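Inspection log for the structure reproduced underneath, given as structure tokens.
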Amino acid sequence: MTRLFLIAILLGSCSSLPISYKDLPKDIYRLTFGYPNVEVTQGIFNSYPYSFAKVGFGKGQSVIMILESIDDNLFTWVGQDGVKLITKNGRVIKSMGLPHDVDIKPSIHRDNFASGEYFEVVNFSHPILLNADLLSFIEFKELSNLIYLENNMSVNVFTENIAIENIGWSNENIYYLDSSNRVIKTTQHLHPFLDQMHIEFYLK
Amino acid sequence: MRKVFVLFTISLLLHGKLVAQISEYLYPNLDSPSFSNYGTTGLIQMPSARFYEEGSIGFTWSHLDPYLRGSVIAYPFNWFEASYQYTDVNNWLYSEYSDFSGSQSYKDKSLDVKLRLLKESRYIPSVAVGFRDLGGTALFASEYLVASKFIGNVDFTVGMGWGVMSNNSISNPLSSINSRFDSRVVNSSTGNTQGGEFNIDSFFAGANAGLFAGMEVFVPRAKGLRLKFEYDANDYTKEGYLPVSQSSDFNFNVTFPLSKNFQVKLGYIRGNTLNFGFSYTGRYGKKDPYIKKNDPPKIVPNARVFRSVNAKNKRYLYLSSLKYLRESKLHMQSAELQGSNYAVAFAQNTHVSYPRAIGRVARILDQISPESVKTFEITNLNAEMPVFTTKIVREDFNKYKEFGMPSVLLETSSIYKITPQEYAAHEYQPPSDLPKIISKISPDVRSQIGGPDGFYFGDISIAFHSEILLKGNVSILATGSAGVYNNFDDLKLASDSLIPHVRTDIVQYLKQSRKGRITRLQANYFITPRPDLFMKFTGGLIEQMFAGVGSEALWRPFDKNYAVGVELWRVQQRGYEMLFSLRDYKTTIGHVNLYYREPRSKITAKLTGGRFLAGDSGIHIDLSRRFKSGFTLGVFAAKTDISKTEFGEGSFDKGWYFHLPIEVFFSRYTKGNTGFGLRPLTRDGAAILSHGHHLYGVTDQSSSMNILRDWDDIYD
């Protein structure tokens, strides 16, 4: 009788594990090695009625952000959790709703991905840093290939070395441009306290 | 001229602000103080007047020959630091009897506290007073007054110490106030103690006091790297059991934060010894401290259709409410649509925050209820006891949701209690799905730390927790464990207690139950005779060492911050194998429990008076503070009518604990806690029966303070 009772308890335990412990190994794996990259297929692309971007930070899970509007070549993307990104030629120039936001005033001399050195102004939040000088140096890196919507695509790769000297912060952003010079994929550093951001753009 | 002056002043002020802003980028983690080798925030060997924010808990480990030291540091307030240390004293044996403790080195337990007296401002440093190793053997006992001030990127610290910290001597300035301070005598040296008592008479006493100073330099553009330099006031001839050689009064250290919470350090101490250490600090005080939740409220598909259909027949409304609430793990127990008021009673076991559960019920009801419904009356149940009801105006709920203003919604909502009869009279009672089994599996670790047999003994097992709900208010609580690994073979210390061995046979319990055990098999019956009065009747294997029967009653007025409870138990000691056998020892125990929650400090005090398991009588006090995340820090102490000799080493029962909701680590909401507690010594005096489903916890929702505490979660 005792054994039967214990077995009943044990079987009951196995049948309804709480989500927290059941998912623990998976959660630990994800925290350590990151979330698996879910490739956007043609089917997924077709299922969205709007243009969208796949956006993620570091090893974190990617989210889909929908293109809300285009105004004067400024693309506004919105996420389900209220985060907004404004991009210009694939470069994030403003964010809203992130733990640390950025607001870049791009150089008027900046001509898309023309190689050169540009002096810009940037504001950060959390903590606030106003009117910091941002030095951006763009150059063509190489011609390469990547898989985009299940197709092998030839892309031009540009690098952007950014630096804010007075806080000792510098990093490298990478842009992948298709044959019509549209950024389809990029990795960028928005803020010293944020992980590297990776974005794939899917425009309709 | 005046304009120029004003502009100049403004520019100066703005410049100061900008410098402050830039500094947070130049010196990341400036707000993360580092720890000394003694396990408190500080320089290298010396303390500082720095504190972590309240709701933080830290763990440090350092190696500085001849000592290895591990510490747990808690911050119940911004101005209070308490740390508990184990120090492995490598130049001294645990005892001179090798058949008792082998070749094990001495392990010292110590408690340090630090209180902030002044908060740092532009011109005023942070000032703190601290006590190192303030009880027991006092091997490292010191007191100090310390001040820390940031100037640019350097945090300067100066201080004065007493006791071990009295090198670099000046005569004790307090001696001129009172001759009590002239000489320093600690309890351990008089032999008139069982340890575990504070050496109050020795505080700030001694012929000399020591001066110390140092600085922590935050290196710019170096990812938070710090360099520390200090002038050490420790007198290493007074510390520990054997003098330690010292070639220099100056110490150096490099501390590097690998992340905001994890720091490693390397130092050169006393002019002759390398030192290594690391620390981790978790900040759990605030809501969702680490992982943002990705568990949004459920959207009902085709809600407009539901609203239209549900307007025709209220049975459809009840059924759709049942379905969509259940999909959100909110279990509807009854419902009644009366005019424009829709009353729903529900139970849930997912959300730690009761307002969040209410908000989620309201969201679903709002999506599917016909337009004619103007108010929702939502009753939260626990074990069929209606713990509280919230009446929400539908229009307000939506209006303030849009603006994210839960506090305004609170103004237009009412929170009150209803009787069990009121909810039982609801028109719709869904068919019961009882009996059912709610269960979970979790790892279970049992530890025995700091004994003479060895520093650490432990086992890991898989624990199966089940609650069999026979009726809403009748349940069987069961926990069984299957052992996976243990190192109990060398654990052999027998109890030396002079009073009934109600706890000190722990070694026998650990060893004989290592393969598998039933920790608890407890039947419960709950009733609510009056709205504020709760009762529980319990029988079975109540805890790991006792079985029996008993009852608990709790009077907990909904709108008050106090509660009163009584308990009466007839118990018998369980066999060491922790299955169904019983030992001869039987006793009857009873307590009166007084609970009081101080609203400003948010400290909950529980005072228990009565007869304890070993037949001793006295009081037990437990003080705890719960933070927004659910993280709880607590301490307890007890004193009964047995003598210090009868109690044995430690003199009286005491310890500390913390609980942390496991949802802190996940992106989904889930109930359940993890935690750790420690009493320096396991003794038999003041032992309390550890029964499951203590009424104060079960009725946690039956307090308006707890509802209001989390009200801003209602739109989560």
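Values in this text are rule-based calculations from the coordinates and carry no lab data. Nothing here was measured: the structure is a model prediction, and the numbers come from that model. Counting neighbours? That spans all protein chains shown, and the Cβs are built from the backbone with ideal geometry, glycine included.
Write out the chymotrypsin sites (Phe, Trp or Tyr not before Pro) in segment B:57-152 meeting two conditions: DSSP loop, and at most 12 other Cβ atoms within 10 Å of their Cβ.
Those that pass, being in a loop and sparsely packed, are B:TYR97, B:TYR123.
Write out the trypsin sites (Lys or Arg not before Pro) in segment B:234-303 meeting two conditions: DSSP loop, and at most 13 other Cβ atoms within 10 Å of their Cβ.
Loop-located and lightly packed - B:LYS292.
If each residue's Cβ is checked for other Cβ atoms within 10 Å, how do B:LEU337, B:LEU68 rank with the fewest at the top?
Working: B:LEU337 22, B:LEU68 18.
If I rank by nearby Cβ atoms, fewest first, I get B:LEU68, B:LEU337.
In whole Hz, what ³J(HN,Hα) sequence does segment B:372-377 give by Karplus (6.51, -1.76, 1.60; θ = phi - 60°), x for Gly and Pro?
Per-residue couplings from phi come out as 5, 6, 10, 9, 10, 10 Hz.
Could I have the simple spin-label model distance between A:LYS105 and B:VAL445, label points 7 Å from Cα toward Cβ, reported in nm to one decimal?
5.3 nm
Any chance you could tell me what percent of the C-alpha pair distances in segment B:599-716 go past 26 Å?
Across segment B:599-716, Cα pairs with separations above 26 Å total 31 percent.
Given axes a ≥ b ≥ c from the Cα gyration tensor, I'd like to know whether segment A:72-204 is rounded (a/c under 1.5), prolate (a/b larger than b/c) or oblate. Present the calculation step by step, with values, prior to reporting the outcome.
Numbers: a/c = 1.86, a/b = 1.31, b/c = 1.42.
Oblate, since a/c reaches 1.5 and b/c is not below a/b.
For B:GLY55, which sequence-distant residues (separation of 5 or more, or a different chain) have an amide H within less than 5 Å of its own amide H, given hydrogens modelled in the peptide plane?
Correct list: B:TYR75, B:PHE77.
In the protein assembly as shown, with Lys and Arg counted as +1 and Asp and Glu as -1 at Cβ, which of these residues, A:PRO99, B:LEU274, B:GLY70, has the Cα nearest the positive end of the dipole, that is, farthest along it?
It is A:PRO99, whose Cα lies furthest towards the positive end.
What is the diffusion coefficient of segment B:249-380 in µm²/s, taking the Kirkwood radius over Cα pairs and the Stokes-Einstein relation at 10 °C with a viscosity of 1.306 mPa s? Before the final figure, lay out each step's value.
Working: Rh = 18.7 Å.
In µm²/s, the coefficient is 85.
Report, in degrees rounded to the nearest 10, the 0 to 90 angle that the Cα long axis of helix B:394-403 makes with the longest principal axis of chain B.
Taking Cα atoms only, the helix is inclined about 40 degrees.
Scaled to the compact-protein estimate 2.2 N^0.38 Å, what is the alpha-carbon radius of gyration of segment B:208-322, rounded to two decimal places?
2.26
Hey, what do the phi angles of segment A:121-127 turn into as Karplus ³J(HN,Hα) couplings, whole Hz, using 6.51/-1.76/1.60 and θ = phi - 60°, x for Gly and Pro?
Those phi angles translate into 10, 9, 10, 10, 10, 6, x Hz.
So how tilted is helix B:314-327 from the main axis of chain B? Cα-based, degrees 0 to 90, rounded to 10.
With rounding to tens, the tilt is 30 degrees.
Quick check on my link table: of B:LYS265/B:LYS287; B:LYS536/B:LYS606; A:LYS94/B:LYS287; A:LYS59/B:LYS671; A:LYS88/B:LYS286; A:LYS94/B:LYS401, which ones sit more than 25 Å apart, alpha carbon to alpha carbon?
Distance filter (> 25 Å) returns B:LYS265/B:LYS287; A:LYS94/B:LYS287; A:LYS59/B:LYS671; A:LYS88/B:LYS286; A:LYS94/B:LYS401.
Can you pull the percent of Cα pairs in segment B:119-263 with separation above 23 Å? Walk me through the numbers on the way to the answer.
Working: 4803 of 10440 pairs.
Result for the distance tail: 46 percent.
Packing-wise, with mean Cβ within 10 Å as the measure, how do B:30-42, B:245-257 rank, highest first?
B:30-42, B:245-257
Tell me, B:SER481, A:SER47, B:SER142, B:SER171 in order of fewest to most beta-carbon neighbours within 10 Å?
Neighbour counts put them in this order, fewest first: A:SER47, B:SER171, B:SER481, B:SER142.
Taking 1 over the mean of 1/r across every pair of different Cα atoms in segment B:524-648, what Kirkwood radius in Å do you get?
16.5 Å
Working from the alpha-carbon coordinates of chain B, get Rg over Rh, Rh being the Kirkwood radius.
Rg/Rh: 1.01.
Partner chain Cβ atoms within 10 Å, averaged over the residues of B:288-295 - can you pull that number for me?
Mean shielding count: 1.
Would you please put B:49-56, A:94-101 in order of how densely packed they are, using the mean number of other Cβ atoms within 10 angstrom per residue and starting with the highest?
Ranked by mean Cβ neighbours within 10 Å, highest first: B:49-56, A:94-101.
Need one value for A:122-130: mean number of C-beta atoms belonging to other chains within 10 Å of its residues' C-beta atoms.
3
Among A:ASP178, B:ASP182, B:ASP235, rank each residue by its count of other Cβ atoms within 10 Å, from fewest to most, as a rough exposure measure.
Numbers: A:ASP178 16, B:ASP182 13, B:ASP235 20.
The most exposed by this proxy come first: B:ASP182, A:ASP178, B:ASP235.
Subtracting the Cα-Cα distance from 0.36 nm times the residue separation, let me have the gained length for B:ASN91 to B:LEU258 in nm, one decimal.
That works out to 56.9 nm of additional length.
What distance in nm lies between label points placed 7 Å from Cα along the C-beta direction at B:ASN398 and B:VAL549?
Label at B:ASN398, label at B:VAL549, 5.6 nm between them.
Any idea how far apart A:ILE147 and A:SER69 come out in nm if each label point goes 7 Å out from Cα toward Cβ?
3.8 nm
Would you kindly calculate the translational diffusion coefficient of segment A:50-130, applying Stokes-Einstein with the Kirkwood radius from alpha carbon pairs, for 20 °C and a viscosity of 1.002 mPa s, and quote it in µm² s⁻¹ without decimals? Walk me through the numbers on the way to the answer.
Details: Rh = 13.8 Å.
D, rounded to a whole number, is 155 µm²/s.
Hey, got a sec? Which trypsin sites (Lys or Arg not before Pro) in segment B:61-132 land in a DSSP loop and have at most 15 other Cβ atoms within 10 Å? Walk me through the intermediate numbers first.
Numbers: sites: B:ARG69, B:LYS107, B:LYS109, B:LYS114, B:ARG116, B:LYS119, B:ARG122, B:ARG132; in loops: B:LYS119, B:ARG122.
For trypsin sites (Lys or Arg not before Pro) across segment B:61-132 that sit outside H, G, I, E and B with at most 15 neighbouring Cβ atoms in 10 Å, the list reads B:LYS119, B:ARG122.
Taking 25 °C and 0.890 mPa s as the conditions, I'd like the Stokes-Einstein D for segment B:35-187 in µm²/s, using the Kirkwood hydrodynamic radius from alpha carbon pairs.
Here the translational diffusion coefficient equals 146 µm²/s.
Output the relative contact order of chain B, whole-number percent, from Cα pairs under 8 angstrom with separation of 6+ residues.
Relative CO of chain B lands at 9 percent.
Can you give the FRET efficiency for B:GLU327 and B:LEU533, using 1/(1 + (r/R0)^6), R0 = 41 Å, r = Cβ-Cβ distance, to the nearest 0.05? Could the numbers behind the result be given before it?
Working: r = 35 Å, r/R0 = 0.85.
In this case the efficiency is close to 0.70.
For segment B:522-566, compute Rg over Rh where Rg is the Cα radius of gyration and Rh is the Kirkwood radius from the inverse mean 1/r over Cα pairs.
Numbers: Rg = 12.5 Å, Rh = 11.6 Å.
A ratio of 1.08.
How long are the semi-axes of the equivalent ellipsoid of the protein assembly as shown, taking √(5λ) for every eigenvalue λ of the Cα gyration tensor, in whole Å from largest down?
Equivalent ellipsoid of the protein assembly as shown: 48, 44, 26 Å, largest first.
Treating only the Cβ atoms of Lys and Arg (+1) and Asp and Glu (-1) as charged, compute the dipole magnitude of the protein assembly as shown about its Cα centre; round to the nearest 20 debye.
Roughly 2060 debye, rounded to the nearest 20.
Could you tell me which residue out of B:ALA205, B:SER23, B:ILE468 lies farthest along the dipole of the protein assembly as shown toward its positive end? Charges go on the beta carbon: Lys and Arg +1, Asp and Glu -1, centred on the Cα centre.
Projecting each Cα onto the dipole axis, the largest value belongs to B:ILE468.
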